[in-house]
Every structure is written in structure tokens, then in C-alpha cells.
Amino acid sequence: MVGDLADSGALHPDWRAAFEAVPRHRFIPDTVWVEKEDRLTPVHRADGEQAWLELCYSNEAVITQVDDGVPAGPGQTGREITSSASRPDVVALMLAALEAEPGMSVLEIGTGTGWNAALLAERLGPGNVTSVEVDPVVADQARRALREAGHHVTVAVGDGAAGHPSSAPFDRLIATVAADRVPPAWAAQTRPGGRVLVPWATDFHNGALVAFTVDQDATMRGRIVGNVAFMRLRDQRGKRASLERNVHGVAQARRTFTDLHPYPVLGEYDASLAIGLKVPRCKLIVTHAEDGAYTVWLVDPWSGSWASLDHEPGAEKYPVRQSGERNLWQEVEDAYRWWDELDRPTADRWGLTVSPQDQYVWLDTKKNRINV
Ligand SMILES: C[S@@+](CC[C@H](N)C(=O)[O-])C[C@H]1O[C@@H](n2cnc3c(N)ncnc32)[C@H](O)[C@@H]1O
């Protein structure tokens, strides 16, 4: 795995020794979960060491907890992923983007398995890593794995949005869990000039990696430096959208057509990132038919509004249905045209400022604040 990561360019040479010294499987619990036909199904190490090891050493996230530890699906299956060991190439890219050096102090938010914390401790040195995990059972497992592997890391149980004031200030902060509203405490607890790395997500788009630099005034400004998708901070999970629960009144829905093909709107990273800034509380679901046709659903689980767009191969116009107080497809189409008129900015042109008072987005320079 380490060789593959190095060959792919994801693993920075400075981090190679740490990856070689910290075997991932020592941090993965004996029961993990895989996605099978819309269900999360357990895989037990005791039922097949080889299959379990293959999961540990694939370049994939390994699901280590579902439904906050109490599987909520039928027959002991899970519905929601609530903890995982992140994909190794994402871990490697984020560690490189953190620009951490041996001797620096780091706060990690979202301990999960403890693997990332162990990699940090291996390179930065014992006692330099603090990690906060919201789930006490997950934190306990990570603590045990870290201890058994000989890494001296402080693992605290709590809401990582509050940081870890008693060990602040830190030189670096790395969140391995996504935020929509980035907690200002992360800036306040990082030294001026320090770097804060955050997976940033909207309801519509998950997500973008933002690398912030902290100023003297506990304000941080950053740009998008990567494309990563993480689970959300527990308090920011919001509501899950479901066609069964949220789509009602199909016969009464307002019907129109659009000639805007859904792919460039919803499937292109730069466009959907920008739409996510403009259209809050909107979740995307796509359902496929066997003949290559598909339906795009836009769902606002808070207000109950929904929209759908049916795409058939070769069609040039697409039927749209909208229901509820919002016209969700119209909002998305307007946001797409707004992005188009801005000259289709790529992700790296957006910036984010987080201050003790607020959070806002800018384009190209921090003077060019965008009202979203
Ligand atoms: C993707 S996993 C982290 C992966 C981890 N760094 C590793 O090396 O395995 C995200 C973790 O964030 C935790 N989490 C979610 N909300 C949190 C919060 N508010 N504070 C701290 N941890 C949180 C989840 O319980 C989960 O374990």
C-alpha cells in the first residue's frame, strides 16, 4: 500500500517513513462494515482474516462504526456511516497539505481509529499530538490501539468544534471530519501564522479541503486546495434526505421542462461546489433505471420541498417537477447561471474567511466578498 501511495504521488517523501512505521491494520477494529445493496453489512475478522486484511490495505475508507454504534437497519445491518478510517491516499494528501514538521504541536479533530493520529505522532514526536473524538467507544478503541502500537497521543472525548483549549495553542489543526460552519475555536486555538486544514461541505456538495492561515486576530483565511468528502461533525449532520420520507404529492407537483442538461450542473465539481454556496438545505439523490435513464431528485428535508428532473438518453428537453414552498430545480438552475456568468470559477479561486463573528466566501481575493 505504501509503495502504491508513493507511486501515485499521494504520499509525500517526508511522510513515507511514518507510513512504513505505522501499519494500518493495527488500528482497524475486528468488525468493519461494507456497503452492499444500500445496506451496511458487517465483516468480521474471525470469519476470514484475509478478507479483513484486504479491506485494511485497500485504498478505500474502511467503515468502522454505523449508526453511532447501534446498527439501525434490519437484521443487524447499518444505515449511516458514523466512523471510518479515511482513504489512505486522502490521509497522505492531507498530511502533506498540513505542512507540519517534526516538533510541532497538532490538534486533530475526529480521532476515529487513531491511525492518522499515530502517523502524526510518528513524524512530529511523542506528546505533540492531541486528538478529540465525540464518540466515547470510538475514542477508547483508538486510545487502546495507540497505546499498543507505542504512540504517545492525548485522546480526549468531546465535541471537537470546541477544540481542546487546555492544550492550546497549536501550530497546526487538522479536521478529519467535515464542517459546513467552520468552528471559530479552531482559529482561536492555533498560533498566528499556523495552518488549519478543514474538509468543508454544504448540504448540496461534499466537499472541498480548505487550507487556512491564522491571523493575529483569531481570524483565518483559506483557499480550496483539494477535493475530499468526509462525514460531518455530529452537530452539523443536519437531516437525511429520503425519497420515501420526503417526496409526496407527485401528482400535484408543478410541471415544466428545462433544456439544461443535468450533468454539467450536478456532475461537474466546480459547478456543484458553486451551486452549494447559493442553494442551502438542498440534498441530491439520483435514481437509475435499467435503460440508461435516470432521475435527479433535489430534496429539502427541512421544508419538505422537492424537485425532480427526468433524463432519458438522447433527449434534449427534460421534464421537471417541483413541489413545496421552494422551487428547488429553479434555484439550482439560477445558481448554475450565476456561476456561469462569473466565468465559471474553478474551486481553487474560492476562499473562505472564518472570524470569531462570522464566516464568508470570497472569489480570488479576500476583498471580493460574495454574498451567498
Ligand atoms: C472519518 S472519521 C476520522 C478518521 C480518523 N482520523 C482515522 O484516522 O481513522 C471521523 C470521526 O469524527 C468523529 N466526529 C464526528 N463529529 C465529531 C465532533 N463533533 N467532534 C469530534 N469528533 C467527531 C466521528 O465519530 C468519527 O470517528
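Every read-out reported here was derived from the displayed coordinates using simple, explicitly stated rules and does not represent laboratory data. All of these numbers come straight from a predicted model, not from anything done at the bench. Note: ideal-geometry Cβ built from the backbone for every residue, glycine included; neighbour counts use all protein chains shown.
Some notes on this structure:
- Each of 111, 50, 82 was placed along the dipole of region 14-142 (beta-carbon charges, centred on the mean Cα), and the one lying farthest toward the positive end is 50.
- When the listed pairs 239/283; 36/239; 278/366 are checked against a 21 Å cut-off, the alpha-carbon distance exceeds it for 36/239.
- Counted by Cβ distance under 13 Å from residue 61, the other residues give a net charge of -1, where Lys and Arg count +1 and Asp and Glu count -1.
- Checking every one of the GluC sites (Glu not before Pro) in region 189-290 against DSSP loop status and a limit of 11 other Cβ atoms within 10 Å picks out 290.
- Top of 129, 361, 286 by mean-square fluctuation, Gaussian network on the chain, Cα under 10 Å: 286
- Relative exposure of 305, 166, 355, judged by other C-beta atoms within 10 Å (fewest first): 166, 355, 305
- Cross-link partners of residue 367 among lysines, defined as those whose alpha carbon lies under 17 angstrom from its own and excluding same-chain residues fewer than eight positions apart, are absent.
- Taking region 2-226 and dividing mean pair separation by its residue count, relative contact order in percent (alpha carbons under 8 Å, at least six apart): 14 percent
- Close amide H contacts of residue 73 (hydrogens built in the peptide plane, cut-off under 5 Å, sequence separation of 5 or more or a different chain): 78, 79.
- With Cα atoms, 0 to 90° folded angle of helix 269-278 axis to the chain main axis: 80 degrees
- Between 299, 256, 280, the Cα set farthest toward the positive side of the dipole of region 218-372 (charges on each charged residue's Cβ, about the Cα centre) is that of 280.
- A Cβ-based charge dipole, computed about the Cα centre of region 2-226 with Lys and Arg at +1 and Asp and Glu at -1, lands at about 480 debye.
- The residues 282, 56, when put in order of fewest to most other Cβ atoms within 10 Å, stand as 56, 282.
- DSSP beta bridges in the chain [antiparallel fraction, %, rounded to 5]: 75 percent
- Cα gyration tensor shape for region 2-226, rounded if a/c is under 1.5, else prolate or oblate: prolate
- Report summary: the helix-based calculation at 222 nm, which adds -39500 (n - 2.57) for every DSSP H run with n ≥ 4 and divides by the residues of the chain, gives -7000 deg cm²/dmol.
- By the count of neighbouring beta-carbon atoms within 10 Å, fewest first, 220, 94, 104 end up ordered 104, 94, 220.
- Shown in residue order for region 171-176 are the 3J(HN,Hα) couplings computed by the Karplus curve 6.51 cos²θ - 1.76 cosθ + 1.60 at θ = phi - 60°: 7, 9, 9, 10, 9, 10 Hz (x for Gly and Pro).
- With eigenvalues of the C-alpha gyration tensor scaled by 5 and rooted, region 68-134, Å: 30, 13, 8
- Cα-based helix-to-principal-axis angle, 115-124 vs the chain, degrees rounded to 10: 50 degrees
- Residue-by-residue Karplus 3J(HN,Hα) for region 196-210, coefficients 6.51, -1.76, 1.60, Hz, glycine and proline x: 10, 10, 9, x, 10, 9, 10, 4, 8, 9, 10, x, 9, 8, 10
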